[in-house]
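First up is the structure itself, then whatever we jot down about it.
The values are calculated or read from the model by the stated rules, or taken from the named source; none is laboratory data. Bear in mind that the values here come from a model prediction, so they are computed numbers and not experimental data. Using ideal geometry, Cβ is built from the backbone for each residue, glycine included, and neighbour counts are taken over all protein chains shown.
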Amino acid sequence: NAFDCSGLTSYVYSHAIGKYISRTTYSQVYQGKTVKVSTASLKKGDLLFWGSKSSPYHVGIYVGGGQYVHAATPSQGVRKQYLSSYFWPSAAKRVI
């Protein structure tokens with residue numbers, strides 16, 4: 001299965017913990033509680049957003065240890081990567 005980024009996050013939440021979140025990056029950024037985007041503040045399961053805080057273009061899920069899981073592109077598939085200062089999230093939300 002090929003996922004886009006928000007498809008992956010909504011799939012993981014519904015299948016892993018039975019929590020339903022909206023389907024698009026633009027609506028997911030308005031759910032939950034805002035969390036500071038720092039490795040000290042983030043908890044496993046937090047949603048990470050890239051781009052504008054009000055209209056982000058990408059979302060992933062923090063998995064701990066400075067890493068996140070995301071659907072990079074449908075062709076690259078789901079990847080686990082380290083947070084990077086070159087690609088630092090602009091916002092984080094805690095929905096669980």
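Couple of notes before you dig in:
- Members of region 19-29 that are touching a residue at least 40 places away in the same chain (Cβ under 8 Å) and either out of contact with any Leu (no Cβ under 7 Å at 6 or more places or on another chain) or part of a loop (DSSP other than H, G, I, E, B) (or both): K19, I21, V29
- Each residue in region 1-18 was checked for being of a type in the set (F, W, Y), in a helix (DSSP H, G or I) and either closer than 16 Å to P74 by Cβ or in contact with an Asp or Glu (Cβ under 7 Å, 6 or more places away or on another chain) (or both), and 1 of them qualify.
- Residues of region 15-38 satisfying the condition of being surrounded by 12 or more Cβ atoms within 10 Å (Cβ to Cβ) and over 14 Å from the mean Cα position of the chain (by Cα): K19
- Qualifying residue in region 45-57 (condition: over 12 Å from the mean Cα position of the chain (by Cα), hydroxyl-bearing (S, T, Y) and at pLDDT 95 or above): no
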